[in-house]
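Everything on this sheet refers to the single structure shown next.
The values are calculated or read from the model by the stated rules, or taken from the named source; none is laboratory data. From a predicted model like this one, the values you see are computed outputs, not experimental measurements. Note that we place each Cβ from the backbone using ideal geometry, even for glycine, and neighbour counts take in every protein chain shown.
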Amino acid sequence: MRVLDLMTTEVVTVTPGMSLKEAARTMTDLGVSGLPVLDDQGRIVGIITEADFLAREAGRAEPRRRRLLDALFNEPQVAEAENVEQAMTLDPVVIYPEASLTEAARVMVNHGVKRLPVVDAEGKLRGVISRADVVAAFTRPDDVIEDEIREDVIRRILFLEDGAVDVKVADGVVTLRGTVPTKSDARLLEELTRRLDGVVRLDAGVEFEVDDQRPVE
């Protein structure tokens with residue numbers, strides 16, 4: 001499964017010229033800790049986060065966050081003239097739509113972030129993927145995943161007979177054993193299985209005994 005399969009495409013953004021108070025109000029209203037900053041062409045040029053407003057308070061509990069931001073844009077010392085461009089974090093960590101969820105999770109962990117802006121090759125924002133999105137993809141029950149592989153992939157897509165391939169799923173790890181008509185079928189079965197919601201990985205020891213009575217593609 002790829003980032004584009006789960007990312008949120010309706011993303012609230014801010015501009016470099018927006019005042020800090022307005023950005024803080026937006027973050028408070030949405031209950032988020034950061035917003036992408038876009039230029040006139042829709043390219044991401046930075047990200048404004050709670051840490052940019054209140055560095056000492058970064059990482060505190062979520063209920064505390066709302067009170068801090070509420071206080072921020074009501075404090076007289078935060079002038080309207082101060083804009084997002086002056087406080088935003090430049091060169092934010094981003095990811096591409098075609099990246100895998102595993103890669104997205106790795107980037108989040110390595111950089112200590114909860115969400116990633118998703119950009120295309122031109123740097124234009126296409127969406128946002130959050131830690132919650134990634135976690136949700138891996139919470140489907142094993143029996144549901146197994147049934148989807150058997151019914152949707154093996155029977156409806158590959159048109160294989162029942163029992164041709166043995167499917168086992170344990171904690172999201174899929175093991176496939178069996179006989180398929182061609183090497184192309186084997187490759188397609190593996191690829192479609194990897195893309196299913198909830199599949200953590202395909203057992204690296206998977207083997208297929210290709211039926212020698214049919215042409216090998």
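On the given criteria, is Asp133 modelled with pLDDT of 80 or more, within 22 Å of the chain's Cα centre (by Cα) and at positive phi?
So Asp133 fails the test.
Quick one: in the range 178-201, of everything that is in a helix (DSSP H, G or I) and among the basic types (Lys, Arg), which residue is nearest to Asp147 (Cα to Cα)?
Once the filter is applied, the top-ranked residue is Arg194.
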Legend entry - Failed criterion for Asp5 (all others in (1) crowded, with 16+ Cβ neighbours inside 10 Å; (2) modelled with pLDDT under 90; (3) closer than 18 Å to Arg126 by Cβ hold): (1)
Inset, instruction - Among the residues of the range 91-102, count how many are modelled with pLDDT under 90 and under 24 Å from Leu38 (Cα atoms). - result: 1
Legend entry - Hey, Glu122 closer than 30 Å to Val45 by Cβ, among the charged types (D, E, K, R) and in a loop (DSSP other than H, G, I, E, B) or not: yes
Inset, instruction - Residue by residue through the range 29-56, note down the ones that are more than 23 Å from the chain's Cα centre (by Cα), surrounded by 17 or more Cβ atoms within 10 Å (Cβ to Cβ) and not hydrophobic (A, V, I, L, M, F, W, C). - result: Asp52
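Could you say which residue among Glu207, Glu191 is of a type in the set (D, E, K, R) and at pLDDT 85 or above?
Being of a type in the set (D, E, K, R) and at pLDDT 85 or above holds for just one of Glu207, Glu191, which is Glu191.
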Inset, instruction - Output yes when any residue across the range 125-147 is within 18 Å of Arg2 (Cα to Cα), outside any loop (DSSP other than H, G, I, E, B), charged (D, E, K, R) and out of contact with any Pro (no Cβ under 8 Å at 6 or more places or on another chain), and no when none is. - result: yes
Inset, instruction - Can you work out which of the residues in the range 120-137 that are touching a Lys or Arg at 6+ places or on another chain (Cβ under 6 Å) and touching a residue at least 40 places away in the same chain (Cβ under 8 Å) is surrounded by the most Cβ atoms within 10 Å (Cβ to Cβ)? - result: Val128
Inset, instruction - Name the residue, out of Arg140, Arg150, Arg106, that is of a type in the set (Lys, Arg) and touching a residue at least 24 places away in the same chain (Cβ under 8 Å). - result: Arg140
Inset, instruction - Check Thr13 against each of (1) more than 25 Å from Ala132 (Cβ to Cβ); (2) touching a Leu at 6+ places or on another chain (Cβ under 7 Å) and name the one condition it does not meet. - result: (1)
Inset, instruction - Being assigned to a helix (DSSP H, G or I) and free of Cβ contacts under 8 Å to residues at least 60 places away in the same chain is the filter; apply it to the range 22-48 and report the residue that is farthest from Val135 (Cα to Cα). - result: Glu22
Legend entry - the range 148-168: number of residues that are under 17 Å from Met1 (Cα atoms) and surrounded by 18 or more Cβ atoms within 10 Å (Cβ to Cβ): 3
Legend entry - Lone qualifier among Glu85, Glu98 - being closer than 30 Å to Thr13 by Cα, in a loop (DSSP other than H, G, I, E, B) and touching a residue at least 40 places away in the same chain (Cβ under 8 Å): Glu98
